[in-house]
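Since the structure comes first, as structure tokens, the remarks are kept for the end.
The values are calculated or read from the model by the stated rules, or taken from the named source; none is laboratory data. Quantities reported herein were computed from a predicted structural model and do not represent experimental measurements. Glycine gets a Cβ as well: all are built from the backbone with ideal geometry, and neighbour counts include every protein chain shown. Calculation scope for accessible area: heavy atoms of the full protein, side chains included, ligands and nucleic acids excluded. Shrake-Rupley method; radii C 1.70, N 1.55, O 1.52, S 1.80 Å.
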Amino acid sequence: MKKTVYALAAVLLLMGTMTSCDKKLEIEPLNNVNADKALRTSSDVEAALVGCYTGIQNAPLYGGYIQLMSDLLADDGEISFVGTFIPPNQINRKVIQKDNGFVSTIWVNAYNVINRTNNVLANLDKLDTPIKMARVEGEARLIRAAMYFELVRLYAKDWGDGSPTANPGVPLVLTFTLSLDNLPALQVKRSTVAEVYAQVLADLTAAETKMTANSTSGNFFANTYVAAGFLSRVYLQQGRFAEAAAAANRAIVPKYVLTPSYVDEFYSGADLLPNSSEDIFAIQFTAQSGVNDLNTFYSADQRGDISIEQAHFDLYDPTDERLDLFSIGAAGQQSYSNKYDSQYGNIKLLRLAEMYLTRAEGNFRAGTTVPVGATPLADINRVRARVGLTPLTAVTKDDILLERKLELAFEGFRLGDLKRNKESVTDPNGVVLPFSSPRLVFPIPLREINVNPNLTQNPGY
């Protein structure tokens, strides 16, 4: 596929620049990677794994686009894109063109990272200890699973929309693209939604068993609890509620503690926002590494392209301390979320609060006689207490879903939650779109269709 072509070309170009000056005229073909120049040592493989983390740090992936674009697509009048960029505006209005640049760059970058993980997994035998081999395999498989989970939810029908065994998902590429000599072999067709989910679950299950409780560097890299957390997301999307509750429960361990206040989790009063006690997994940023594009688009101190509308504020209890993370404008003025005001703040990808909410919903909707870990009421009240709300005496599904929506607002959950709960949205022209509307699915990028005759386009495009 073209994306893997670009990724490989970039690697080959870099390798070409590493030759000594007196060999500049010794030009070698650049359509394959020489095995002698590939990963050769344990340190090489570990460095390549760091490159996988660097990949998901990029703005088109967990640096912002995945979260923001999915939230814009799922919007039901609660946020508006008021900036000048055309691609996000198309997504917010749900009239996406096949050549939408943001849709294309998410796809390209995700497959670039997948190719990096495949490279790591193909060279596990170079690692010098069995413990290291297990850890590196687990981390690489987790990152690959995360990318496929995001891709299949953005570019394919939801698990609960029709038949996942028949609906086309996204191409599954599980081996490293080493050579461009056989281009037809790179033109992979779309696997089914069910096949993609099966691969995601296989990777995450293996990752959970292979990784330890502590990563090699604090919360910077993934550990077994991160894999459990991602598993809970996948099971929840599939409506496998008991398994979602069980997986979330495995991620709820004493090493993670809710921050004293909601504001503390997202705002430090400085440009840097380090990991907190609540963060199970966060994307790392510094002034020298990465671009937090959620800061770019949400913060009034940056572009401020996302306007928070009154329909969103109406969902909160007036005493809810989560309202403290907004700059609410006067009549006729724009309101902003301050969740991402730290310019180099880490992006919280997996939080303990999410696990409480998932465990609550999973236990409640599974109807288990003996809930896993805690009762749904206890979990919901734990989240509510942190934001100053009075405890509930009984809990309903609607209570749980509302708490989830408010707690995880603007973190990239709305599209998945909307679809799995079969909700509808209204576009800016007043047209009601059911969860199954083709307009709530990204197109396969036009550039990919043009170079891969085996790819089929999504309905409506």
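From largest to smallest, what semi-axes in whole angstrom does segment 208-258 give when each is the square root of 5 times an eigenvalue of its alpha carbon gyration tensor? Numbers along the way, then the final one.
Working: eigenvalues 88, 27, 14 Å².
The equivalent ellipsoid of segment 208-258 has semi-axes of 21, 12, 8 Å.
Multiply the residue separation of ASN421 and ASP128 by 0.36 nm, subtract the distance between their alpha-carbon atoms, and state the gained length in nm to one decimal. Please report the intermediate quantities before stating the final value.
Numbers: separation 293, 0.36 × 293 = 105.48 nm, distance 4.67 nm.
Length gained between ASN421 and ASP128: 100.8 nm.
Binning at 10 Å from 0, report for segment 264-411 what percent of all alpha-carbon pair distances ends up in each bin.
Reading upward from the zero bin: 11, 36, 33, 17, 3, 0.
Once the dipole of segment 307-355 is set up with Lys and Arg at +1 and Asp and Glu at -1 on Cβ about the Cα centre, which of GLN333, ALA311, GLN343 lies farthest towards its positive end?
Ranked along the dipole, the leading option is GLN343.
Would you mind getting the accessible area per residue of segment 261-366, heavy atoms of the protein chains only, 1.4 Å probe, in Å²?
For segment 261-366, the per-residue accessible area is 37 Å².
Given 20 °C and 1.002 mPa s, how large is the Stokes-Einstein diffusion coefficient of segment 281-332 in µm²/s, with Rh as the Kirkwood radius over Cα pairs? Walk me through the numbers before you get to the answer.
On the way: Rh = 13.3 Å.
Here the translational diffusion coefficient equals 161 µm²/s.
Calculated from DSSP H runs of 4 or more alone, at -39500 (n - 2.57) each and per residue, what is the 222 nm mean residue ellipticity of the chain, nearest 500?
So the helix-based figure for the chain works out to -14000 deg cm²/dmol.
Using a 1.4 Å probe over the heavy atoms of the protein chains, calculate the carbon and sulfur portion of the accessible area of segment 61-176 as a whole percent.
54 percent
Can you give the charge dipole size of the chain about its Cα centre, rounded to the nearest 20 debye, using +1 on the beta carbon of Lys and Arg and -1 on the beta carbon of Asp and Glu?
Dipole magnitude for the chain comes out near 1120 debye.
Of all DSSP beta bridges located in the chain, what percent are antiparallel, nearest 5?
85 percent
Taking the Cβ-Cβ separation of ASP320 and LEU392 as r and a Förster radius of 22 Å, what is the calculated FRET efficiency to the nearest 0.05?
0.95
For segment 92-241, divide the Cα radius of gyration by the Kirkwood radius and give the resulting Rg/Rh value with two decimals.
My calculation puts Rg/Rh at 0.99.
Taking N as the number of residues in segment 313-358, what is its alpha-carbon radius of gyration divided by 2.2 N^0.38 Å?
Values: Rg = 13.4 Å, N = 46, 2.2 N^0.38 = 9.4 Å.
Expressed relative to 2.2 N^0.38 Å, the Cα Rg reads 1.43.
Specify whether the C-alpha gyration tensor of segment 217-327 places it in the rounded, prolate or oblate class, a ≥ b ≥ c being the square roots of the eigenvalues: rounded for a/c under 1.5, otherwise prolate if a/b is larger than b/c and oblate if not.
Values: a/c = 1.80, a/b = 1.29, b/c = 1.40.
Note, shape of segment 217-327 comes out oblate.
With a 1.4 Å probe and all protein chains in place, put ASP158, ASP44 in order of accessible area, largest first. Don't skip to the end; give the middle numbers.
Values: ASP158 15, ASP44 55 Å².
Sorted descending by solvent-accessible area, the residues read ASP44, ASP158.
Give me the one-decimal nm value for the distance between modelled label points at ASN182 and THR54, 7 Å along each residue's Cα-to-Cβ direction.
Going by the 7 Å Cα→Cβ label model, 3.0 nm.
Quickly rank 334-347, 445-458, 72-85, 222-235 as a protection proxy: mean count of other C-beta atoms within 10 Å, highest first.
In decreasing order of mean packing, 334-347, 445-458, 72-85, 222-235 become 222-235, 334-347, 72-85, 445-458.
Can you find, among LEU323, ASN421, SER191, the residue farthest towards the positive end of the dipole of the chain? Put +1 on the C-beta of Lys and Arg, -1 on that of Asp and Glu.
About the Cα centre, the residue reaching furthest to the positive side is SER191.
Residue separation times 0.36 nm, minus the C-alpha to C-alpha distance between VAL95 and THR209: what's the value?
So the extension gain works out to 36.8 nm.
Under the definition of Cα pairs under 8 Å and six or more residues apart, what whole-number percent is the relative contact order of segment 332-461?
That works out to 14 percent.
Hey, if you put +1 on the Cβ of every Lys and Arg and -1 on every Asp and Glu Cβ in the chain, which of VAL395, ALA374, ALA213 ends up farthest toward the positive end of that dipole?
The listed residue farthest towards the positive side: ALA213.
Take the alpha-carbon centre of segment 273-345, take the same for segment 411-461, and report the distance between them in whole Å.
Here the answer is 25 Å between Cα centres.
Which far-off residues, 5 or more places away or on another chain, put their amide H under 5 Å from the one on ILE79, with H placed in the peptide plane?
Close amide H contacts, sequence-distant or interchain: GLU309.
What whole-number volume per residue, in cubic angstrom, does the convex hull of the C-alpha atoms of segment 171-270 give?
Normalising the Cα hull of segment 171-270 by residue number yields 182 Å³.
Accessible area per residue of segment 118-221 at 1.4 Å probe, in Å²? Intermediate results must be reported in sequence, preceding the final value.
Details: 4130 Å² over 104 residues.
The answer is 40 Å² per residue.
According to a simple spin-label model (label point 7 Å from Cα along Cα-to-Cβ), what is the distance in nm between GLN302 and ARG40?
For ARG40 paired with GLN302, the spin-label model returns 4.1 nm.
Order the following by accessible area, largest value first: GLU354, GLU423, GLU195. Probe radius 1.4 Å; ligands, DNA and RNA are ignored.
GLU195, GLU423, GLU354
Can you tell me the equivalent ellipsoid semi-axes for segment 107-147? Use √(5λ) from the Cα gyration tensor, largest first, whole Å.
Equivalent-ellipsoid dimensions as semi-axes: 21, 10, 5 Å.
Which order do ARG40, ARG386 take when ranked by solvent-accessible area (1.4 Å probe, heavy atoms of all protein chains), largest first?
The residues order as ARG40, ARG386, largest area first.
With every protein chain left in place and a probe of 1.4 Å, what is the accessible surface of SER268, to the nearest 10 Å²?
For SER268, solvent-accessible area is about 60 Å².
So I have (1) 24.5, 74; (2) 21.8, 69; (3) 22.1, 78, and one of them is Rg and Dmax of the Cα atoms in Å calculated from this model. Which one is it?
(3)
Could you provide, to the nearest whole Å², the per residue accessible area of segment 58-110 with probe 1.4 Å?
Value for segment 58-110: 29 Å² per residue.
Placing unit charges on C-beta atoms (Lys and Arg positive, Asp and Glu negative, everything else neutral), compute the dipole magnitude of segment 165-255 about its Cα centre in debye, rounded to 20.
Result for segment 165-255 is approximately 220 debye, rounded to the nearest 20.
Leaving out ligands, DNA and RNA, what percent of the accessible area of segment 227-295 is carbon and sulfur, probe 1.4 Å?
About 60 percent, which is the carbon plus sulfur part of the accessible surface.
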